[in-house]
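Notes follow once the structure below has been shown.
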Amino acid sequence: MQFEVLRAQVQDGESWAEAADRTAVGAGPVLAVDLSGDPLRWRLDDEHRFSIRPMTPGDFPDVSRWVNEPHVARWWDEHRSREQVAAHYGPALRGEDPTRMWIWEVNGRSVGFSQDYRISDHPDYALLSSRPDAVGFDYALGEPAFVGRGLGTSLLWVFLRDIVWPAYPGVGEFFAAPDHRNAASLRVLEKLGFSQGVWFDEPGPYGRTDTVVGCSLDVAQVIGLS
Ligand SMILES: CC(C)(COP(=O)(O)OP(=O)(O)OC[C@H]1O[C@@H](n2cnc3c(N)ncnc32)[C@H](O)[C@@H]1OP(=O)(O)O)[C@@H](O)C(=O)NCCC(=O)NCCS
C-alpha cells in the first residue's frame, strides 16, 4: 500500500520518517518510495520481508558472484575473485577494521551487501563531506532478478534506518559518492532524500580517474535525531 505525506504535514521537530509512521497509525515502520518531491511518497509491504544481517566468511562466494554480475561489475572494479573478496573484507569481519559489513536479504534469501564506516576513518574521503561526523556507506543489490523492482530503494532505506542510524548516535549526515554515470544509484539516493553536492575526481583502479558525485542525507530531517 502506498501513501503520501505533504511536506507541510510534517510537524515541528518531527522527521519525515516519523511523520510517515504517524500517518500509518501503527502499521509502520514504513518504507520510503520517493522523498525527492512534495508530497513525500511511502509504502507498506506485506509481500517482502527485508532483513539485514552481518556478513560472514560463508558469504564470500555470493559476494564474489555479485560483484561479477555486469550491473555491479561496471561500478566495482576491484576485489572480484573469491580470494580477493576474502582478502579485502576478511579484516573487517575479524574486527581488525572498523568498517561493518552486511548482507541484504529478501524473504530470507541473500540478495546483496553493504558496508558502513565513519568517513573520518578515511581522511581523503572525509574532506569531501561538509560534516566531520558523517557516516559513509556502499551497497550493491547483486542478484539480477531482484534489480529494477524498487527493492534496492527499500533495502537501502531499511539498512540506513535500522542498521546505520542506531549505530552512530548523534550522526548528522550520511554520505555516498556514486560515479556520475551511475544513474540508478544516484536516483535511488535521490528517492531516499539525499541531495547532490560536489562532483570530484577519485583515483580509480589501473590509474584511471572516476568522477563521482557527493550525495548527502540530512539525517535529522529525514530519519530523525538519534
Ligand atoms: C543501485 C541499485 C542498488 C539500485 O537497486 P534497484 O532495486 O535496481 O533500484 P530501484 O528499482 O529501487 O530504483 C532504481 C531507480 O533508478 C532508475 N534507473 C535505473 N536505471 C536508470 C538509468 N539508466 N537512467 C536513469 N534512471 C535509472 C529507475 O527508474 C528507478 O527510479 P524510479 O523508481 O524513479 O523509476 C542496484 O542497481 C545496484 O546494486 N547496482 C550496482 C551496484 C551499485 O551501483 N552500487 C552503488 C555504488 S555507489
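A short reminder: the numbers here are calculations on the coordinates, not readings from a lab. Bear in mind the structure is a predicted one, so any value in this text is a computation, not a measurement. Reconstructed Cβ throughout: ideal geometry from the backbone, glycine too, with neighbour counts over all protein chains shown.
Computed over the chain, the percent of Cα pairs more than 28 Å apart is 28.
Compactness of the stretch 76-127, taken as the C-alpha radius of gyration over 2.2 N^0.38 Å, stands at 1.31.
Listed values for the stretch 13-24 are Karplus-derived 3J(HN,Hα) couplings in whole Hz (6.51 cos²θ - 1.76 cosθ + 1.60, θ = phi - 60°), namely x, 9, 7, 4, 5, 5, 5, 5, 4, 4, 5, 7, and x replaces Gly and Pro.
Look at where the Cα atoms of the stretch 107-173 and of the stretch 1-78 average out, and the two centres are 11 Å apart.
In this simple spin-label model, placing a label point 7 Å from the Cα along the Cα-to-Cβ direction at both Arg7 and Arg94 gives a separation of 4.9 nm. Positive end of the charge dipole of the chain (Lys, Arg +1 and Asp, Glu -1 on Cβ, about the Cα centre): tell me which of Gln11, Ser36, Gly26 has its Cα farthest that way. The residue sitting farthest along the positive end of the dipole is Gly26. Applying the Karplus relation 6.51 cos²θ - 1.76 cosθ + 1.60 with θ = phi - 60° to the stretch 112-118 yields 3J(HN,Hα) values of x, 8, 8, 9, 9, 6, 6 Hz, where x marks Gly and Pro. Modelled label positions at Asp38 and Ser81, each set 7 Å beyond Cα in the direction of Cβ, lie 5.5 nm from each other.
Using alpha-carbon pairs under 8 Å, 6+ residues apart, how would you state the relative contact order of the chain in percent? Provide the component values of the computation, followed by the final result.
On the way: 391 pairs, mean separation 46.7, N = 226.
Computed over the chain, the figure is 21 percent.
A convex hull fitted around the alpha carbon atoms of the stretch 1-46 yields 61 Å³ per residue. Coupling constants for the stretch 171-188 follow from the phi torsions by the Karplus curve (6.51 cos²θ - 1.76 cosθ + 1.60, θ = phi - 60°), and in residue order they are 4, x, 9, 9, 9, 9, 9, x, 4, 5, 8, 7, 4, 5, 5, 4, 5, 4 Hz; glycine and proline get x. A crude spin-label estimate for the pair Ser130 and Arg74, with each label 7 Å from Cα along the Cβ direction, gives 3.1 nm.
Return the calculated 222 nm mean residue ellipticity for the chain, to the nearest 500 deg cm²/dmol, obtained by summing -39500 (n - 2.57) across DSSP H runs with n ≥ 4 and dividing by the residue count. Don't skip to the answer; put the middle values down first.
Values: 8 runs with 58 residues, N = 226.
Taken over the chain, the calculation gives -6500 deg cm²/dmol.
Electrostatic bookkeeping for Glu14 treats Lys and Arg as +1 and Asp and Glu as -1; over the other residues with beta carbon under 10 Å from its beta carbon, the sum is -2.
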